[in-house]
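Novice: My questions all concern the structure below.
The values are calculated or read from the model by the stated rules, or taken from the named source; none is laboratory data. No experiment lies behind these values; they were computed from the predicted model shown. Don't worry about glycine lacking a Cβ; one is built from the backbone with ideal geometry, like all the others, and counts go over all protein chains shown. Heavy atoms of the whole protein, side chains included, go into the accessibility calculation; ligands, DNA and RNA do not. Shrake-Rupley method; radii C 1.70, N 1.55, O 1.52, S 1.80 Å.
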Amino acid sequence: MKRFHAAERALRTAAPHELPDAVRVVLIEQYGAEDVELLMADYGLTVLQPVAVPPHTLEPVSVHNSPAGRAFGSQKPYCEEGRDGRARLHLPVTVRGDRLGVLSVTLPGGEAVRRWEPELADIAEVLGHELIVAERDTDVYLQARRKDRLTLAAEMQWQLLPGRSCSRPEYELGAQLEPAYAIFGDNFDWSETADHLMLYVTNGMGEGIEASLLTNLAINALRNARRAGISIADQAALADQAVYAHYQGRCYLSVLMFDFDLDTGRASVVDAGSPQMLRLRGGTVERVTFDAQLPLGMFEETDYVAQEFQVEPGDRLVFVSDGVHAVASPKGETYGDAALARAIQATRLLPAAEVPRAILRELTGHRGRPVPDDDALVVCLDWRGRSPGGGPVSVGRM
């Protein structure tokens, strides 16, 4: 434990931009590591990018078919045995379910792996927390996440997001946007308290900077109202007023809003536009519809009414923007509910954090070209709920 505390202290006292160097030095000194490398998941979740001082000279590794990618996908340490007897241990760097990357540590051999793996896994978790804090003061890790240049609109949208995944005993969340380096209007937001989870899925109109500005205004208006402690119906009304006051009805934003009670699974829902939701329950996928209301900012002083919705332990909810549901194949065939249902069934055994990426890969095959014409957003929520004693309910998914 003295070694672990030394590593923890080194990370907590390092300058924001020096975290990779700090973890490298302390793991070499305290654990006999021969090499240490931090890799960050890129915005498209396709590669793991080595963190290095620009210009970056190390090659990225695939998320899909590499040892580091295996640790990232499974969220478990993975040991890669070398021909020279050394072992390379890949450790997920994750904070409360948000998958940031992988810490790869080369050790003298298998015995060192067996001895130090638990402590090194804990150090990787501490590193993740320090990375989140460090991003307030340095661009090093945000730069490392991009394998291509972000458009300005995409830069604005990624900075607006809460993360790409989140985990609590009661639920797991995962989300992804495409095209990752050129998004402009679609967005998601979530916030949790001791007893509630609030989730917004938005689909803004327009393109480029104008779409991003609209979404930024709407999301910040929703957050401002949410942080005032008011109901989601009133949050929608206040955000509607903010958007209308600026655009006078010329631009508006669709949003699907949920306020989940973690004790009961009951949710208050406001459906103000085009995002759609499908539910996987007991092996059956079905689209769930709500009372449609006007998008935010379409008219002055719109009143919104919340309706009730019940989620059960074991439910998987998948939210999509129209850039998923309405996308057409080269023959003009809409993706639609049937294809979405098949994709949700095909990914039913994956964790929530992996589902959006898998569905978007399937969507690329349907579209027939790698770059979409419109933003595509997928959010996946796995609901476990609480037992009467306050803990998570143990459930399975068929």
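Novice: In segment 283-294, which residues are β-branched (V, I, T) and in a strand (DSSP E or B)?
Specialist: Hits for segment 283-294 are T284, V285, V288.
Novice: Quick one: R99 ticks every box in (1) in contact with a helix residue (DSSP H, G or I) (Cβ under 8 Å, 6 or more places away or on another chain); (2) basic (K, R); (3) surrounded by fewer than 16 Cβ atoms within 10 Å (Cβ to Cβ) bar one, so which box is it?
Specialist: Result: R99 passes all but (3).
Novice: Something else about it: Consider Y252 carefully, then state whether it is farther than 16 Å from L199 by Cβ and open to solvent by less than 60 Å² (accessible area, probe 1.4 Å).
Specialist: no
Novice: Go through segment 1-17 and give me each residue that's open to solvent by 80 Å² or more (accessible area, probe 1.4 Å) and either of a type in the set (F, W, Y) or closer than 20 Å to I132 by Cβ (or both).
Specialist: Matches in segment 1-17: R9, R12, T13, H17.
Novice: With respect to S212, determine if the residue is touching a helix residue (DSSP H, G or I) at 6+ places or on another chain (Cβ under 8 Å) and crowded, with 17+ Cβ neighbours inside 10 Å.
Specialist: yes
Novice: Then there is this: Determine the pairs where a residue that is under 16 Å from L89 (Cβ atoms), located within segment 9-31, has a partner that is open to solvent by less than 80 Å² (accessible area, probe 1.4 Å) and not aliphatic (A, V, I, L, M) with Cβ atoms under 6 Å apart, the partner being 6 or more residues away or on another chain.
Specialist: Every condition considered, the pairs that remain are Y31/W116.
Novice: Could I ask something else about it? In this structure, is R115 assigned to a helix (DSSP H, G or I) and surrounded by fewer than 15 Cβ atoms within 10 Å (Cβ to Cβ)?
Specialist: Taking the combined requirement at face value, the residue satisfies it.
Novice: If you scan segment 68-96, which residues turn out to be within 16 Å of the chain's Cα centre (by Cα) and surrounded by fewer than 18 Cβ atoms within 10 Å (Cβ to Cβ)?
Specialist: S74, Q75, R96
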